[in-house]
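For reference, the structure I am asking about is given below.
The values are calculated or read from the model by the stated rules, or taken from the named source; none is laboratory data. Quick caveat, the model's predicted, so the values are computed rather than measured. As a convention, Cβ positions derive from the backbone with ideal geometry for all residues, glycine included, and neighbour counts pool all protein chains shown. For accessibility, only protein heavy atoms count, side chains too; no ligands or nucleic acids. Shrake-Rupley method; radii C 1.70, N 1.55, O 1.52, S 1.80 Å.
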Amino acid sequence: MTTPLTLVYTQAAQKWVEALPVGNGRQGAMIFGGVAQERIQFNEDTVWTGKPHDYSHLDAYKYYPKLKELMAEMLALERVGKWDDAKAVQDSAHALASEHFMSIPLGQKTYQPTGDLWIDFPHNDVQDYTRSLSLDNAVSTVSYKHEGVTYQRDVFASFPDQVIVVRLSADQANALSCKISLNSPHETSSTTVLNDAGLLLEGEVEQDGIRFATQLVVELKDGKLTANGNSLMVDNASEVIITLTSSSSFVSFQDISADPVARCQAVMGKLTGTSYDDLKTRHVNDHQSLFNRVSLELGDGSTNTDTLTRLLAKDKTQDPDLYALYFQYGRYLLIASSRAGSQPANLQGIWNHQKTPAWDSKWTTNINVEMNYWPAEITNLSECHEPLFALLEDLTITGKKVAQEHYSARGWVLHHNTDLWRGAAPINHSGHGIWPAGGLWLCQHLWWHYTFTLDEDFLRERAYPIMREACLFVADILTLDEATGWLISPVSNSPELGDMVAAPSMDHQIMRELLTNTIQACNILELDKDFKTTLSDLRAKIAPNSVGKHGQLQEWLVDKDDPNETHRHVSHLWGLHPGREITEATPDLFEAAEQSLRYRGDGGTGWSLAWKIAFWARLKHGDKALQLLNTQLNFTEVDHIVMEGGGTYANLFDAHPPFQIDGNLGATAGIAEMLLQSHTGYIELLPALPRAWSTGAISGLRAPNNFEISFRWQDGKLSQVSIIAHVSKLCTLRYKDKTINWQAEEGKTYTFDGKLELNSP
């Protein structure tokens, strides 16, 4: 039987998408595990191209009324079926927007690799090679035998001490000899030796831009350490400890004046006299304080311990523990790439080896960055949400300028991408770049954090001010559609299908959710009574969801959906997930959402498959959700752009160019949705349990009102439930057709049998 929480391989990584990731939020590393040469490629999360910059297009607001007029004209032409004329109007809008409304410059900046640590060994032919990553203690290990000696390498990235640590060891004294060096792909970089016991890598991404540094310190047990050019030579040691930290000159999106070398020295200075055992103990304790909150059991795993072999199996249902491993891998990746004080997890989390990564490895906000944080609250990693909130606080500054300059509106706006410099203006192309709902969507995460934690100080001091300003923007851009009398989003698109339009359904769903959540916040905080009334009036007038002629949920105000369209974005189902306005309580819309999903098919990239897993879970089709999870777990070796195929690399990274972390994190959230849902105001257990997962257990999931839930099931039926109340609140619990509710008291644990009969207290 395989080790439940360990990725295991019998050969070194040949490609970056086969290497194993470690991270501490701010720094990430990919371990290849080579025998003759170990490569550890590393990142620091503020090493980016560019420098502080205002992306707004001055006076763009002068052209916004004309864009609204053109979109209204296009909408009127579509209503009467004059599609060619509508397209001509759309083309005119593109020409106007391209010249006067788009971001300056048109694109944003790029997340960069920092460097590589190389360790060369006098080893070639080896036996019993194993490479692994323990999710439980967040340590990557390589071991093998060479000429009768067993060698081992352990690598971890410590959040408490802000370092990446490598331990080289052998089971015989004085058996370790190696060469240690650092380099960077950036042309301006150079490496120097420090006191014959360390290395300093310094560089600059581009002229007058981000400067970065990496400091490395080597400590030996026995043996000899000497300098050789810009490398270090280890001879006949019994143990080698390499400690590495990276920093940049980034202070904020407005300031890059820090000294990266001094920052590295400060980190290393705090570790003087600290043993490896202490470093590892602090790291493991910190990691497990988050990771061990949730456990998932779905049955025994494969008898083969090799992860690649398990991925290659045609029938994943015979290896149910693989699903649990994949679920926990997503939680592991979120912990490793998003911690307090770090940047949020970007398109690749924190791991990137390319100077020109796909989509710049930044934050795409028309689903991808949101999907990264879908597991944060439900899988008990609330603290990992923090970097996203810090990003939002920055964006209210840059987004306020864009709201003024582009829309002559109050509040703040974010379109479909942002970067280290907090760009908020529409980028790339007017057809998909003018989408003013990115910030509105992200506000949902502020509300989730409050509802799950009930942290009223957070709501009052951080969340509500951001949500309120976003509502002001909504109030200023909503426009009356004369034909229907509804308020609509006047210039937008339905990501990423159908080009620039008026009135996409997704915008309206997001706006209603934001207004609803902000109204509830007003009630909780007893603030802004008149403002709350204004929001209620606006919400009631926004164009509602509609069912079209094919029985589908309409993607636009005009009924023009193509039932043969299989695009990977299914944006108009936002109200089903992650929204909450399309549920079993709205049966016509619920059925229409399912019809739309069936039309779109089962294809897509990893993030698209993950979203569809969540959709089918919300629709209560567990077997269908599992089918898509199996598709996502199809092994692929392709390491270039995969637009429709989906799949998983050998290291369990989502197979999207060269990978996208949202597929991993979204699938983790989707699995949680299959087992527990709480968006409807009650906690529902096993809402979409697949038949293949007939027996299992999960502990530590979270639900709104700060409830912690654990439960077991046997032969497809609930058998045991435990709910911890972290505050005193009414709790409503549902399983199949039975619903119970009671006033839970803070600090008490409530246990039930499979029929929801109370056992204790």
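Over all pairs of distinct alpha carbons, what does the Kirkwood formula give as the hydrodynamic radius of the stretch 80-123, in Å? Let's see the in-between values first.
Values: mean 1/r = 0.0645 Å⁻¹.
Kirkwood hydrodynamic radius for the stretch 80-123: 15.5 Å.
Roll a 1.4 angstrom probe over the protein heavy atoms and tell me the percent of accessible area of the chain that is carbon or sulfur.
Ligands and nucleic acids excluded, carbon and sulfur give 46 percent.
Between Q37 and S546, what is the label-point separation in nm under the 7 Å Cα-to-beta-carbon projection?
Those two pseudo-labels are separated by 6.2 nm.
Hey, another quick one. Using the Kirkwood formula on the Cα atoms of the stretch 1-110, what hydrodynamic radius do you get, in angstrom to one decimal?
Working: mean 1/r = 0.0514 Å⁻¹.
After inverting the mean inverse Cα-Cα distance, the result is 19.4 Å.
Tell me what the chain gives for mean residue ellipticity at 222 nm when only DSSP H runs of n ≥ 4 count, each as -39,500 (n - 2.57), the sum divided by the residue total, rounded to 500 deg cm²/dmol.
-10000 deg cm²/dmol, from helical runs alone.
Return the distance in nm (one decimal) between the two label points of a simple spin-label model at D171 and T680, each offset 7 Å from Cα along Cα→Cβ.
Here the answer is 5.7 nm between the modelled labels.
What is the sum of charges, Lys and Arg at +1 and Asp and Glu at -1, for the other residues whose Cβ falls under 13 Å from the Cβ of Q265? The partial results should precede the final answer.
Details: positive: R263, K270; negative: E202, D259.
Computed value for this residue: 0.
Along the charge dipole of the chain, which of L619, N651, S246 sits closest to the positive end, that is, farthest toward it, with unit charges on the beta carbon of Lys, Arg, Asp and Glu (+1, +1, -1, -1)?
Farthest towards the positive pole: L619.
Can you give me the accessible area per residue for the stretch 484-543, using a 1.4 Å probe, in Å²?
33 Å²
Is there a quick way to get the dipole size of the chain? I mean about its Cα centre, with the Cβ of Lys and Arg at +1 and of Asp and Glu at -1; what is the value in debye to the nearest 20? Walk me through the intermediate numbers first.
Working: 63 positive and 94 negative charges, 178 e Å.
The calculation lands at about 860 debye.
Please report the spacing between the Cα centers of the stretch 699-761 and the stretch 273-320 in Å, no decimals.
Computed from Cα coordinates, the inter-centre distance equals 27 Å.
How much accessible area per residue does the stretch 145-186 have, counting only protein heavy atoms and a probe of 1.4 Å, in square angstrom?
Averaged over the residues of the stretch 145-186, the accessible area is 34 Å².
With a 1.4 Å probe and every protein chain left in place, work out the accessible area per residue of the stretch 246-353 in Å², rounded to a whole number.
Numbers: 4000 Å² over 108 residues.
Solvent-accessible surface per residue comes out at 37 Å².
Also: Percent relative contact order of the stretch 16-89, based on C-alpha pairs within less than 8 angstrom and at least six residues apart? Walk me through the numbers before you get to the answer.
Details: 57 pairs, mean separation 11.7, N = 74.
Reported relative contact order: 16 percent.
If one takes the longest principal axis of the Cα atoms in the chain, at what angle in degrees, from 0 to 90 and to the nearest 10, does the Cα axis of helix 64-79 lie?
It works out to around 70 degrees.
Where in the stretch 690-707 does the label zone of E297 land, with the point 7 angstrom along Cα→C-beta and an amide N cut-off under 14 Å?
Label zone hits: 694-700.
Please find the FRET efficiency linking E637 to N230, where r is the Cβ-Cβ separation and R0 is fixed at 41 Å, and quote it to the nearest 0.05. Working shown, then result.
Details: r = 35 Å, r/R0 = 0.86.
Here the calculated transfer efficiency is 0.70.
Here is a further query. For the chain, find the longest principal axis of its Cα atoms and tell me its angle to the long axis of helix 438-453, 0 to 90°, nearest 10.
Compared with the principal axis, the helix lies near 70 degrees.
What size of dipole, in debye to the nearest 20, comes out for the stretch 121-224 about its Cα centre when the only charges are +1 on Lys and Arg C-beta atoms and -1 on Asp and Glu C-beta atoms?
300 debye
Next up: In Å, what Rg and Dmax follow from the Cα atoms of the stretch 715-761?
Gyration radius and largest Cα-Cα distance of the stretch 715-761: 10.8, 34 Å.
Same structure, new question: What whole-number distance in Å separates the alpha-carbon centres of the stretch 77-151 and the stretch 519-573?
32 Å
Cα atoms only: what Rg and Dmax, in Å, come out for the stretch 593-736?
Radius of gyration, then largest Cα-Cα span, for the stretch 593-736: 16.5, 51 Å.
Now, a different point. Straight-line reach from K401: which lysines have Cα under 28 Å away, leaving out those fewer than 8 places along the same chain?
Correct list for K401: K51, K62, K66, K68, K109, K362, K529, K532, K541.
Still on this structure: What nm value, rounded to one decimal, do you get for the distance between K66 and H726 when each label is placed 7 Å out toward the C-beta?
Taking the simple label geometry, K66 and H726 are separated by 5.3 nm.
Counting C-alpha atoms alone, how compact is the stretch 1-59: give Rg to one decimal and Dmax as a whole number, in angstrom.
When restricted to the Cα atoms of the stretch 1-59, Rg and Dmax are 18.3, 65 Å.
For the charge dipole of the chain, defined by +1 on Lys and Arg C-beta atoms and -1 on Asp and Glu C-beta atoms about the Cα centroid, which residue among A470, F159, Q743 has the Cα displaced farthest towards the positive pole?
Q743
Round to the nearest 0.05 the FRET efficiency obtained for N428 and V251 when R0 = 35 Å and r is the Cβ-Cβ distance.
Efficiency computed from Cβ-Cβ geometry: 0.80.
Further question: Taking the stretch 199-281, which GluC sites (Glu not before Pro) meet the DSSP loop condition and have no more than 15 other C-beta atoms within 10 Å?
Counting only loop positions with at most 15 other Cβ atoms within 10 Å, the GluC sites (Glu not before Pro) in the stretch 199-281 are E206.
Now for a separate question. Of S189, T49, V721, whose Cα points farthest to the positive end of the dipole of the chain (charges on the beta-carbon: +1 Lys, Arg; -1 Asp, Glu; origin at the Cα centre)?
About the Cα centre, the residue reaching furthest to the positive side is V721.
Projected area of the chain, taken from the Cα convex hull and averaged over every viewing direction, in nm²?
32.0 nm²
Now a separate question. For the stretch 606-756, what is the charge dipole size about the Cα centre, in debye to the nearest 20, if Lys and Arg each add +1 at the Cβ and Asp and Glu each add -1 at the Cβ?
680 debye
Sticking with this structure for a sec: What FRET efficiency would be calculated for the residue pair E147, T192, taking the C-beta separation as r and a Förster radius of 30 Å, to the nearest 0.05?
About 0.30, to the nearest 0.05.
Cα axis of helix 606-618 to longest principal axis of the chain: angle in degrees, 0 to 90, nearest 10?
60 degrees
Can I ask one more? So between T356 and K179, what do we pick up on full extension, going 0.36 nm a residue minus the alpha carbon distance?
60.8 nm
Got a sec? Which residues in the stretch 96-121 would a label at D59 touch, if it sits 7 Å along Cα→Cβ and we count backbone N under 12 Å?
The answer is 100, whose backbone nitrogens lie closer than 12 Å to the label point.
Please identify the trypsin sites (Lys or Arg not before Pro) of the stretch 681-745 that satisfy two criteria: DSSP loop assignment and at most 10 other Cβ atoms within 10 Å. Which are they?
R691
Give the relative contact order (percent, whole number) for the chain; include only Cα pairs under 8 Å separated by 6+ residues.
With pairs under 8 Å counted, the relative contact order is 12 percent.
Select from the stretch 467-576 those trypsin sites (Lys or Arg not before Pro) which occupy a DSSP coil region and have at most 15 other Cβ atoms within 10 Å, ordered by residue number.
Answer in residue order: K549.
Under a cut-off of 22 Å between alpha-carbon atoms, report the lysines in cross-link reach of K221, not counting same-chain residues fewer than 8 places apart.
By straight Cα distance, K221 reaches K145, K179, K270, K280.
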